[in-house]
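Participant: Just dropping this structure here.
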Amino acid sequence: MIEPALPSIADRFPRRVLAVRLLLLGTLALLLAGLFAPIITLEKLLFVRNTFSLASGLVQLLGEGQVLVFLLVGGFSVLLPLAKLVMLFLFVGRHWADRTRLRRYVGWMHRYGRWSMLDVFVVAVLVATIKLGAVANVQVHYGLYLFAAAVLLTMAATAWVMRLADALEREAGA
């Protein structure tokens, strides 16, 4: 038996979807600011001082021929987070013919999307801080906090979309 198509989440919960979309736009702004804002400053021997953003670090990795690290960090910390925000924005407006597909996609994004930003990035900063602690002074800047805020807000938006998808499915099943 073919199940009828679900209405879009936006059709059923227009105010909530407006709030989700505003949250996603704000999160995108924080993510972009976090990518280009200074994240860390390394000071070696009181003479050499380098300040990095995630974007400038990626450019430097590519320039130094560290292609694999560039791809990993760029993919997990830039491309996947941007893709996740775009997908969440699209999910709330789409009509779903298969009730389980929306839940499966949003659930997958919620479970695995966390790895796209926070964990990989924080581990990299911690490793750099610990390894360079004896050789260099490491200062953390506001870009890290902007980036972390974008991560947390993306996770909150994903959970919100999951709740809306669940509510839509419960209503359709009733």
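Participant: Could you give me the percent of Cα pairs per 5 Å distance bin for segment 8-68, shortest bin first, beginning at zero and ending with the bin that holds the maximum distance?
Facilitator: Cα pair-distance distribution for segment 8-68, in percent: 4, 15, 13, 14, 13, 10, 8, 8, 7, 4, 2, 1, 0.
Participant: Quick one: compute the contact order of segment 1-84, relative version, from alpha carbon pairs under 8 angstrom and 6+ residues apart, as a percent.
Facilitator: Result for segment 1-84 is 17 percent.
Participant: If you plug each phi of segment 27-39 into the Karplus form 6.51 cos²θ - 1.76 cosθ + 1.60 with θ = phi - 60°, what whole-Hz ³J(HN,Hα) values come out, in order, with x for Gly and Pro?
Facilitator: Calculated HN-Hα couplings, in order: 5, 4, 4, 5, 4, 5, 5, x, 6, 9, 7, x, 10 Hz.
Participant: Multiplying the sequence separation of LEU90 and VAL138 by 0.36 nm and subtracting their Cα-Cα distance, what value in nm do you get?
Facilitator: 13.3 nm
Participant: Here's a follow-up. Of the accessible area of segment 22-99, with the probe set at 1.4 angstrom, what percent is carbon plus sulfur?
Facilitator: After summing per-atom areas, the C and S share lands at 77 percent.
Participant: Now a separate question. Whose amide H sits under 5 Å from the amide H of ILE40, counting only residues 5 or more places off or on another chain, with H placed in the peptide plane?
Facilitator: Result for ILE40 returns PHE52, HIS141.
The values are calculated or read from the model by the stated rules, or taken from the named source; none is laboratory data. All values reported here derive from a predicted model rather than from experimental measurement. In case anyone asks, the SASA skips ligands and DNA or RNA and just uses the protein heavy atoms, side chains included. Shrake-Rupley method; radii C 1.70, N 1.55, O 1.52, S 1.80 Å.
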